[in-house]
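Quick notes on the structure that follows.
The values are calculated or read from the model by the stated rules, or taken from the named source; none is laboratory data. Bear in mind that the values here come from a model prediction, so they are computed numbers and not experimental data. All Cβ positions, glycine included, derive from the backbone under ideal geometry; neighbour counts span all protein chains shown.
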Amino acid sequence: MIKRQTMPLQDKNIRNKNFDEVALGFELKQIKIEASRCLNCKNPLCVKACPVNINIPKFIKEIIKDDYEEAYSTIYKENIMPGVCGRVCPQEKQCEGACVLGIKQESVSIGALERFLGDYSLENNIFNKENIIENNLKVAIVGSGPAGLSAAASLRRLGYSCDIYEALHDFGGVLRYGIPEFRLPKSIVDEEINRLKNLNINFHKNTIIGKTLTVDQLFNEYNYKAIFVATGAGLPKSLHIKGENLNGVYYANEFLTRVNLMKAYQFPNSPTPIKVGDVVCVVGGGNVAMDAARVAKRLGAKEVFVLYRRDMEALPARREEINHAIEEKIDFRLCLNPVELIGEDYILKTVKAEIMKLGEKDSSGRKRPIPTGKYKTFKIDSCIIAIGQNPNPILKNTTNNLKVDQKDRIIVENCQTSIPGVFAGGDIVTGAATVIEAMGAGKRAAESINKYIKSTL
Ligand SMILES: Cc1cc2nc3c(=O)[nH]c(=O)nc-3n(C[C@H](O)[C@H](O)[C@H](O)COP(=O)(O)OP(=O)(O)OC[C@H]3O[C@@H](n4cnc5c(N)ncnc54)[C@H](O)[C@@H]3O)c2cc1C
């Protein structure tokens, strides 16, 4: 039995003081060993479990033959960002979760192989020149996150001219402003997006659709045949407790945006510091909370703790992220629910949290947290709230007849919204999900847009 290879990591006591990548990637020797573990199943469940259906056994066979160029090309046909997805996909729930080898042994490390090929292609400048037959029809894409980027690539391959409109001053959505450098280096995001520029996708920054331009204008003045809305879920949820407006309280999105997009992680080489102080409390137990806590530690906080209202078992973050956080000396204070943030002269000083006990399982399958009426207080310098995100309502508020549900998610049928010719996908439809699910939605929307436009000609 050949054992699953272990990902080499930066030392835990060094990495919690820098923003360099934590996971270092497999060496070539490990890639060969890992590829040789694939059973090459007749009915590859890993392909079905991948939201963009990459032909995984095929690219692994090509790795075994040392044909890395072909292996990269096999992935790139289905996934335009293997360097990104190899790093951030929750593979344990997708391809690796379905790997047949995983039933009796450990699954093949598919994500690490994908990452290797993405990096190999960038390092060796391997890029498929695509033969695009132009059809002279225009589609507008709103939002440059994974859903928008993937829809644009699929539509270009079908011959459409694609314009991506992005509200921020740089492209990539959460890949750019949310996921920290130590998990996803910005150089990988830059290079994989640059490849899309080679496909002649037009990128427009600083353009908020719903403010700078409206959906009506895109149709009537710019003559787009269809619009794909991929605006994500970037609006933070609030705790709705006293003291949330004190200095020192951040929402994870604004905190991470300041650190990533505005490059506070490079201070003093960037002019945008962010103050965290010595003791930081992060509220929430998901992946965003883990990212915020690990960033705060790297920014120099002496003590960072996660406040979560259930127990360790119920933490929704990926196990890998929780383990990395523990190794980096992030503390977990569990069964605690913040009820008040207390300050002096408008400056945050203390968090007051109610002790919870766990009751019967609720509809989420986790034990319901029940208030006990007993409290604990902790002295803190800053508090980062990471309890989830909702879609931003700008587009809904400025577009007549665009139907959304009670959580402001756009309602679609076969990727089409309530407005003919307007399609939507990614987090704006599903609520906060994953990079690869957003990319899958972008691909499916491109097919629906193609059918729709053909039917109108
Ligand atoms: C901190 C954090 C960490 C995460 N980590 C992971 C991870 O490790 N693995 C994983 O799979 N998923 C992760 N996710 C989730 C994942 O990033 C999202 O599910 C994914 O990015 C959704 O893609 P999207 O294209 O739908 O939206 P987004 O990535 O949110 O992109 C939407 C884009 O639209 C732009 N936009 C919004 N409104 C407008 C407008 N009116 N006009 C023009 N542009 C607009 C936004 O500025 C943004 O650039 C993480 C999320 C966060 C917040």
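When each of PRO146, PRO90 is tested for being within 16 Å of the ligand (Cβ to nearest atom) and either at pLDDT below 95 or among the aromatic types (Phe, Trp, Tyr) (or both), the lone residue that passes is PRO90. Scanning the range 224-239 for residues that are within 22 Å of PHE255 (Cα to Cα) and in a loop (DSSP other than H, G, I, E, B) yields THR231, GLY232, ALA233, GLY234, LYS237, SER238, LEU239. If you go through the range 128-155 and keep only what is under 19 Å from VAL189 (Cβ atoms) and assigned to a strand (DSSP E or B), you end up with just ILE141. Are any of the residues in the range 331-340 free of Cβ contacts under 8 Å to residues at least 24 places away in the same chain and more than 24 Å from ASP11 (Cα to Cα)? Looking for residues that are free of Cβ contacts under 8 Å to residues at least 24 places away in the same chain and more than 24 Å from ASP11 (Cα to Cα), one finds none in the range 331-340, hence no. Scanning the range 157-192 for residues that are under 30 Å from LYS451 (Cβ atoms) and away from the ligand (no atom under 12 Å from the Cβ) returns ARG157, LEU158, GLY159, TYR160, SER161, CYS162, GLU192.
Determine, yes or no, whether VAL404 is of a type in the set (Val, Ile, Thr) and farther than 20 Å from ALA153 by Cβ. In short, yes. Of everything listed in (1) within 16 Å of the ligand (Cβ to nearest atom); (2) under 21 Å from GLU244 (Cβ atoms); (3) among the β-branched types (Val, Ile, Thr), the single unmet condition for ILE322 is (2). Condition (residue is surrounded by fewer than 22 Cβ atoms within 10 Å (Cβ to Cβ), away from the ligand (no atom under 16 Å from the Cβ) and assigned to a helix (DSSP H, G or I)) applied to the range 200-223: is it met by at least one residue? Yes, the conditions are met somewhere in the range 200-223. The selection criterion, being more than 16 Å from the ligand (Cβ to nearest atom), surrounded by 15 or more Cβ atoms within 10 Å (Cβ to Cβ) and more than 17 Å from GLU192 (Cβ to Cβ), does not hold for LYS104. Looking across the range 227-251, the residues that are surrounded by 15 or more Cβ atoms within 10 Å (Cβ to Cβ) and more than 16 Å from the ligand (Cβ to nearest atom) come down to LEU239, ILE241, GLY243, GLU244, LEU246, GLY248, VAL249.
Testing LEU307 on (1) over 23 Å from the mean Cα position of the chain (by Cα); (2) surrounded by 15 or more Cβ atoms within 10 Å (Cβ to Cβ), one condition comes back false. Which one is that? Result: LEU307 fails condition (1) only. Among the residues of the range 252-274, the ones that are buried (at least 16 other Cβ atoms within 10 Å of the Cβ) and in contact with a Leu (Cβ under 9 Å, 6 or more places away or on another chain) come to 7 in all. Taking first residues from the range 82-104 that are free of Cβ contacts under 8 Å to residues at least 24 places away in the same chain and assigned by TED's automatic domain parsing to the domain that holds LYS42 and partners that are away from the ligand (no atom under 14 Å from the Cβ) and assigned to a helix (DSSP H, G or I), the Cβ contacts under 8 Å between residues at least 6 apart in sequence or on separate chains come to GLN91/ILE110. Any residue at all in the range 29-39 that's without any contact (Cβ under 8 Å) to a residue 12 or more places away in the chain, basic (Lys, Arg) and not in a helix (DSSP H, G or I)? Within the range 29-39 (the criterion being without any contact (Cβ under 8 Å) to a residue 12 or more places away in the chain, basic (Lys, Arg) and not in a helix (DSSP H, G or I)), the answer is no, since none of the residues qualifies.
Filtered by the rule that a residue be in a helix (DSSP H, G or I) and under 27 Å from the mean Cα position of the chain (by Cα), the range 40-62 gives LEU45, CYS46, VAL47, LYS48, ALA49, ILE56, PRO57, LYS58, PHE59, ILE60.
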